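Inspection log for the structure reproduced underneath, given as structure tokens.
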Amino acid sequence: MAGTSATAGSRPDAGGDAQCGEPSGGNGSSSSSDAGSGSTDAGSTDDAGSTDDAGSAGAGAGASAGGAGGTAGAGGTGGDALTGGTAGGAGSAGMSSNLPQPACKDGVTKGSPCSAASAQSCYKSCGPDNVGYKRETCVNGAYDELQSGCTFPSGQDYTCYKVPPSLPGACPSGIPRGGSACQVVECTVCFGGSVQAPQYQDSTGAQKPGYCVCSEAGVWTCGSIGSWPCPGQGCQ
């Protein structure tokens with residue numbers, strides 16, 4: 001979703017894993033078997049344009065210029081958490097290359113039921129434009145997120161999500177809502193509230209601390225503070 005603005009940046013390419021910081025709060029750590037560590041989010045979910053919240057079914061439809069949407073899923077066995085098609089909307093955002101395998105089946109999220117026949121561990125996209133990912137692990141009959149927040153691959157350009165020192169004049173008044181229409185230049189980070197306490201609404205209307213950018217599809221794609229790539233590597 002590369003656009004032209006003061007913070008314009010190209011979409012991330014595939015790379016290793018990195019831990020991105022956040023404007024407030026500490027950083028959580030991933031399980032030892034995870035591909036990397038993610039930023040802290042106290043277990044909160046993200047929004048439209050990512051696969052964490054009510055936007056998990058593609059409510060955000062946030063498109064990225066990082067590449068054409070591909071099939072991120074791996075063929076699964078009956079009753080498991082894998083899918084032979086696209087995984088969690090990662091393909092729709094063009095960021096399937098960022099998603100480790102195996103990819104979670106559409107609809108798999110924290111609290112979803114699982115069994116011995118299910119995939120015991122899988123990955124789903126998260127963050128604005130699905131540029132990050134998180135791991136779902138089957139624990140005691142339900143999927144759990146042993147790592148809070150998102151993991152963002154390192155060696156990529158996240159300048160499009162650089163948090164501004166003040167609310168850009170191009171941002172509309174009020175609190176942006178994930179999945180709703182927007183007409184703001186790409187790579188313009190918008191939010192309600194204040195710089196110290198930024199707010200957005202997820203696609204259900206629930207208010208959360210975080211930010212949004214207007215995607216190429218013309219809808220807000222948002223993320224909580226712990227699931228936002230910046231500040232961190234690739235945000236300069």
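Is it fair to say residue 146 is in a loop (DSSP other than H, G, I, E, B), under 27 Å from residue 105 (Cβ atoms) and not small (Gly, Ala, Ser)? It is true that residue 146 is in a loop (DSSP other than H, G, I, E, B), under 27 Å from residue 105 (Cβ atoms) and not small (Gly, Ala, Ser). Checking each residue in the stretch 193-204 for being surrounded by fewer than 22 Cβ atoms within 10 Å (Cβ to Cβ) and either part of a loop (DSSP other than H, G, I, E, B) or in contact with a Gly (Cβ under 9 Å, 6 or more places away or on another chain) (or both) picks out 194, 195, 196, 197, 199, 204.
Could you please let me know if residue 211 is touching an Asp or Glu at 6+ places or on another chain (Cβ under 7 Å), at negative phi and part of a strand (DSSP E or B)?
No: the conditions fail for residue 211.
I need the full set of residues from the stretch 120-143 which are crowded, with 24+ Cβ neighbours inside 10 Å and either assigned to a loop (DSSP other than H, G, I, E, B) or of a type in the set (A, V, I, L, M) (or both), in order please. 127, 131 - these are the residues of the stretch 120-143 that are crowded, with 24+ Cβ neighbours inside 10 Å and either assigned to a loop (DSSP other than H, G, I, E, B) or of a type in the set (A, V, I, L, M) (or both). With respect to (1) touching a Phe, Trp or Tyr at 6+ places or on another chain (Cβ under 8 Å); (2) of a type outside the set (Lys, Arg); (3) at pLDDT below 90, the lone exception for residue 89 is condition (1).
When you look at residue 108, is it crowded, with 24+ Cβ neighbours inside 10 Å and in a loop (DSSP other than H, G, I, E, B), yes or no? Yes.
Within the stretch 138-175, the residues that satisfy the criterion of being touching a helix residue (DSSP H, G or I) at 6+ places or on another chain (Cβ under 9 Å) and among the small types (Gly, Ala, Ser) are 148, 149. Looking for something out of contact with any Asp or Glu (no Cβ under 6 Å at 6 or more places or on another chain) and within 20 Å of residue 206 (Cβ to Cβ) - is there at least one such residue anywhere in the stretch 113-121? Taking every residue of the stretch 113-121 in turn, none turns out to be out of contact with any Asp or Glu (no Cβ under 6 Å at 6 or more places or on another chain) and within 20 Å of residue 206 (Cβ to Cβ). May I ask you to say which residue of 144, 106 is over 18 Å from residue 227 (Cβ atoms) and charged (D, E, K, R)? Every option except 106 fails the conditions. The residues in the stretch 121-171 that are hydrophobic (A, V, I, L, M, F, W, C), touching a Gly at 6+ places or on another chain (Cβ under 7 Å) and closer than 22 Å to residue 193 by Cα can be counted, and the count is 1.
So that you can scan it fast, the table gives a plain yes or no per residue for (1) on the phi < 0 side of the Ramachandran plot; (2) free of Cβ contacts under 8 Å to residues at least 60 places away in the same chain; (3) surrounded by 21 or more Cβ atoms within 10 Å (Cβ to Cβ); (4) in contact with a Cys (Cβ under 9 Å, 6 or more places away or on another chain):
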| position | (1), (2), (3), (4) |
| --- | --- |
| 166 | yes, yes, no, no |
| 173 | yes, yes, no, no |
| 178 | yes, no, yes, yes |
| 216 | yes, no, no, no |
| 232 | no, no, no, yes |
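The values are calculated or read from the model by the stated rules, or taken from the named source; none is laboratory data. Bear in mind the structure is a predicted one, so any value in this text is a computation, not a measurement. Methodologically, a virtual Cβ is constructed for each residue, glycine included, from the backbone with ideal geometry; neighbour enumeration extends over all protein chains shown.
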